[in-house]
1. So the check is Cβ under 8 Å with 6+ separation or different chains; which pairs have a first residue in the stretch 223-239 that's of a type in the set (Ser, Thr, Tyr) and a second one that's in a helix (DSSP H, G or I) and crowded, with 20+ Cβ neighbours inside 10 Å?
2. Just need a number here: residues in the stretch 66-81 that are more than 7 Å from the ligand (Cβ to nearest atom) and either crowded, with 20+ Cβ neighbours inside 10 Å or part of a helix (DSSP H, G or I) (or both).
3. Considering only residues of the stretch 363-403 that are among the small types (Gly, Ala, Ser) and open to solvent by 40 Å² or more (accessible area, probe 1.4 Å), which is farthest from the ligand (Cβ to nearest atom)?
4. What's the number of the condition LYS185 fails, among (1) within 14 Å of the ligand (Cβ to nearest atom); (2) open to solvent by less than 70 Å² (accessible area, probe 1.4 Å); (3) outside the structural domain of ARG76 (by the TED database)?
5. Counting just the residues of the stretch 82-92 that are within 12 Å of the ligand (Cβ to nearest atom) and within 23 Å of ALA46 (Cα to Cα), which one comes out most open to solvent (accessible area, probe 1.4 Å)?
6. Collect the residues in the stretch 191-222 that are of a type outside the set (Val, Ile, Thr) and in contact with a Pro (Cβ under 7 Å, 6 or more places away or on another chain), keeping them in residue-number order.
7. Which of the residues belonging to the stretch 223-248 are of a type in the set (Gly, Ala, Ser) and open to solvent by less than 60 Å² (accessible area, probe 1.4 Å)?
8. Any residue that is more than 16 Å from the ligand (Cβ to nearest atom), touching a strand residue (DSSP E or B) at 6+ places or on another chain (Cβ under 6 Å) and open to solvent by 30 Å² or more (accessible area, probe 1.4 Å) - is there at least one of those in the stretch 331-346?
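The values are calculated or read from the model by the stated rules, or taken from the named source; none is laboratory data. Computed from a prediction, not measured in an experiment: that's the story for all the values here. For neighbour counting, all protein chains shown are included, and Cβ atoms are generated from backbone atoms with ideal geometry for every residue, glycine included. Surface accessibility is based on the protein's heavy atoms, side chains included, excluding ligands, DNA and RNA. Shrake-Rupley method; radii C 1.70, N 1.55, O 1.52, S 1.80 Å.
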Amino acid sequence: MDYLREIEGKRAHDRCYNFHEKKIEKCVYVPGPVIVGGGPSGLAVAACLKSKGVPSVVLERSNCIASLWQLKTYDRLHLHLPKQFCELPLMSFPNDFPTYPTKQQFINYLENYAKTFDVNPVFNQTVVSAEYDRNLGFWRVKTAATEYVCRWLVAATGENAEAVVPGIEGMEEFSESIMHTCLYKSGEIFRGKKVLVVGCGNSGMEVCLDLCNHNATPSIVVRHAVHILPQEMLGKSTFGMSMWLLKWLPMRLVDGFLLMVSRLMLGDTSRLGLDRPQTGPLELKNLSGKTPVLDVGTLAKIKSGDIKVCPGIRRLKHHTVEFVNGKAEKFDAIILATGYKSNVPSWLKEREMFSEKDGLPKRPFPNGWKGESGLYAVGFTKRGLLGASMDAKRIADDIQSCWLSESKHVTAFARSLLSQS
Ligand SMILES: Cc1cc2nc3c(=O)[nH]c(=O)nc-3n(C[C@H](O)[C@H](O)[C@H](O)COP(=O)(O)OP(=O)(O)OC[C@H]3O[C@@H](n4cnc5c(N)ncnc54)[C@H](O)[C@@H]3O)c2cc1C
């Protein structure tokens with residue numbers, strides 16, 4: 001059977017050269033799926049496939065697995081959710097890990113995961129295009145020097161593939177440093193400095209806390225209403241509690257409960273300049289994907305005045321930030337906690353499955369994982385690692401069933417060849 005796959009591969013290989021005017025340095029036939037992205041989602045699919053006897057090739061643009069975690073996150077980061085909601089399929093976190101593992105512990109877990117399932121991504125392979133060749137019946141996945149040809153393609157490049165940098169008037173005029181959180185490691189280099197953090201999601205809030213802890217003076221720009229919830233309530237994680245309550249109660253009631261407990265524990269956040277959206281936290285997450293902030297201590301620093309809340313920015317000048325309320329203030333640095341976006345539309349040439357606008361599957365959760373012609377998406381559910389694990393299992397099951405039925409055809413074909421000879 002492997003021999004026939006090789007022949008099939010060679011045919012695909014030959015055609016690959018024939019169809020191209022521009023010569024590619026190398027063309028590789030992959031018998032199983034090609035998985036684009038070596039983050040937790042890509043690793044999870046490869047591991048699930050491996051456990052079912054289906055080989056795959058993982059292509060990763062950077063030089064390590066989980067590059068988001070290894071290269072683009074700050075030192076003090078811990079998992080925001082308890083570990084039981086963040087483990088990948090088939091392997092639990094070690095028992096001695098804390099409820100909220102540190103970034104390094106999570107990276108160690110992922111390294112160990114890849115080792116356990118013998119997943120070895122091909123590094124420094126940025127996929128620049130992936131197109132389904134209808135004549136050939138294969139996906140043609142291109143990196144700078146190589147073309148991979150395969151039956152199944154799994155997009156695992158993540159919701160956080162590219163940093164979102166907003167265009168702020170006067171940005172080029174501002175003479176102090178402006179950096180995205182993807183480059184922020186610790187508040188150490190900002191000691192004694194006045195820093196403006198733009199964006200009040202989980203990262204923005206945590207970076208402010210980190211700056212405080214390093215004796216910097218942070219202010220945070222809050223343009224929109226935001227739900228801030230305590231990380232734990234009544235001795236349980238807020239996330240775990242919500243999941244549990246949702247089994248018995250409608251979302252609106254659970255939202256009401258979360259808001260009531262948050263008010264008791266955190267007080268009225270709108271008095272601090274942090275208005276709450278009209279829609280409850282879970283309903284909002286469900287409708288728009290907007291994640292509530294789980295407070296890890298930032299709110300106390302806002303209450304004590306160590307972190308100042310500012311309105312939106314109107315424009316930047318030489319050393320000064322002008323706000324929409326007309327006030328202006330000098331800052332030594334700006335940190336953009338303005339999030340990330342998917343890059344799928346930049347490389348995937350198939351236009352049906354993913355939205356051009358946000359690079360996420362058009363079909364809502366839980367139906368966004370499968371497209372046409374052997375195309376799959378993992379980790380685009382706005383449900384973190386839990387959503388990625390669910391996708392990974394479904395994708396591996398689906399590919400395995402195609403793999404087995406196609407293997408039967410190949411075996412039948414082989415038998416017929418043998419009986420003729
Ligand atoms: C600061 C932060 C904290 C978070 N904390 C949590 C948490 O506690 N719990 C939780 O469930 N979720 C959390 N998340 C959500 C996060 O998205 C997931 O944790 C996880 O990293 C998603 O995995 P992924 O593999 O889908 O995407 P990523 O981790 O982004 O991995 C995608 C990989 O694809 C590669 N890639 C991108 N484009 C290409 C290309 N064209 N060619 C080849 N490779 C490419 C990237 O280099 C990257 O390695 C957090 C996110 C951030 C930013």
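1. THR238/LEU258
2. Filtering the stretch 66-81 down to residues more than 7 Å from the ligand (Cβ to nearest atom) leaves 70-72, 74-76, 78.
Going one step further and asking which of them are either crowded, with 20+ Cβ neighbours inside 10 Å or part of a helix (DSSP H, G or I) (or both), we end up with 70-71.
Matching residues across the stretch 66-81 total 2.
3. Here is the first cut: in the stretch 363-403, the residues among the small types (Gly, Ala, Ser) are 368, 371, 373-374, 377, 379, 384, 387-389, 392, 396, 401.
Going one step further and asking which of them are open to solvent by 40 Å² or more (accessible area, probe 1.4 Å), we end up with 384, 401.
Numbers: GLY384: 2, SER401: 24 Å.
It comes out as SER401.
4. With respect to (1) within 14 Å of the ligand (Cβ to nearest atom); (2) open to solvent by less than 70 Å² (accessible area, probe 1.4 Å); (3) outside the structural domain of ARG76 (by the TED database), LYS185 is out only on (2).
5. Kept after step one, since they are within 12 Å of the ligand (Cβ to nearest atom), are these residues of the stretch 82-92: 82-88.
Restricting the remaining residues to those that are within 23 Å of ALA46 (Cα to Cα) gives 83-88.
On the way: LYS83: 40, GLN84: 106, PHE85: 38, CYS86: 7, GLU87: 59, LEU88: 5 Å².
Among those that are within 12 Å of the ligand (Cβ to nearest atom) and within 23 Å of ALA46 (Cα to Cα), it is GLN84.
6. The first filter runs over the stretch 191-222 and keeps only residues of a type outside the set (Val, Ile, Thr), leaving 191-194, 196, 199-206, 208-216, 218-219.
The answer is CYS208, LEU211, CYS212.
7. Taking the stretch 223-248 first, the residues of a type in the set (Gly, Ala, Ser) are 225, 235, 237, 240, 242.
Within the stretch 223-248, ALA225, SER237, GLY240, SER242 qualify.
8. Looking only at the stretch 331-346, we keep the residues that are more than 16 Å from the ligand (Cβ to nearest atom), and these are 331-334.
Filter once more, keeping what is touching a strand residue (DSSP E or B) at 6+ places or on another chain (Cβ under 6 Å): 331-334.
Going one step further and asking which of them are open to solvent by 30 Å² or more (accessible area, probe 1.4 Å), we end up with 332.
Yes, the conditions are met somewhere in the stretch 331-346.
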